[in-house]
Each structure stands twice: as C-alpha cells, then as structure tokens.
Amino acid sequence: MYPRKRNLEGAGSTAGEEVEMVNSFLSRCAIATKYMTKSARNDMLTVHAMRWNRRKQENLHVVLAKRYVKTITMLEGETQKMKDTCKELGCPEDKVQQWVNDVRDWATNDNTSGDNQSLQMSIEQLFLGLCQKKACLYRQTDSNKIRQLRRKRLRE
C-alpha cells in the first residue's frame, strides 16, 4: 500500500483534481438536462464539454507559466536542502551523483542474466506470504485497535 497523498510532503504541488473540476463544470447541466430527451441531453453535454476544452486551451499558456515558475522555485528549495544535508553529513556532491547513477543503472537493468525464473519464484513467495498474513489477521486479533496496528505493519 502506498501512503495517502495528504500525508506526503509536497503533495499539493500537483496540477489539481482535473476530474473533479470537469465534473463540477458539467454539473451545471444537471437540472437543465433532467427532463430532456437522451439526444438533447447528449448534445447539451457535448456543447459544455467543448466549451470546457476551449477554455482550457485559451488559458493553457497562463497555467503552464505558473506551473513552470512554481516548479523552478521548488527545485531551488530542494537543491538547497540537498546541499545542506550533504554538508551536514559530510558527503561530497560527486558521491551523491554516483548514488543517483547507481540507482538509474539498477532501475534500467533489464535482468538479462536468465535468472527470471528465480525472480518470479521469490515474488510469488512474497505475495503468498503477504496473503497468508492478511488472512490470519482477523483470527489473531481480538480488538479493532490491534487489527489496525497489524494492518499498518503489513502496509509498511
């Protein structure tokens, strides 16, 4: 399980809830289209959706400029934080760059050694072990507090 967005630092730096904004805009049609025929309702919703798209196109340059400025500001702050942390830990910057390169190499490694069978077996074992722990969760717990604590540990 991944932690929820509201608990993550910097989670509010995304573009926003696009689907919620579209639904809010199209909800204006709810009362007007309530008693319309199906074809008229489809036409009304299509016209409103086209208006939404046109409005987004007209404001795209403003939104992208704001997002760019926000991203640059956040990048400068995070770069400064990283430099401060490196100074605090006494870690040279080239060592950090080496770590980044190592992680990139590890992530792009396509595992051509032919050991896919053992990798698949270990993933299946981990999955089945987790399923067993989850199934035993209700049998082993007497109260909801203990169950929540164990769920939290399973997620971690």
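See the values below:
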{"quantity": "Trp52, Trp99, Trp106 arranged by Cβ crowding within 10 Å, fewest neighbours leading", "calculated": "Trp106, Trp99, Trp52"}
{"quantity": "Computed label-point distance, nm, for sites Asp84 and Asn144 using a 7 Å Cα→Cβ extension", "calculated": "4.1 nm"}
{"quantity": "Calculated FRET efficiency for the pair Glu76/Val103, C-beta based, R₀ 30 Å, to 0.05", "calculated": "0.85"}
{"quantity": "In segment 12-77, GluC sites (Glu not before Pro) in a DSSP loop with at most 10 other beta-carbon atoms within 10 Å", "calculated": "Glu17"}
{"quantity": "Distance (nanometres) between label positions extended 7 Å along Cα→Cβ at Leu154 and Asn59", "calculated": "4.3 nm"}
{"quantity": "Lysines whose Cα lies under 26 Å from that of Lys81, excluding same-chain neighbours fewer than 8 positions away", "calculated": "Lys5, Lys66, Lys70, Lys95"}
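Read-outs: derived from the displayed coordinates by stated rules, not from any lab. Note that the coordinates shown come from a computational prediction; the quantities given were computed from them, not determined experimentally. With ideal geometry, Cβ positions are generated from the backbone for all residues, glycine too; neighbour counts draw on all protein chains shown.
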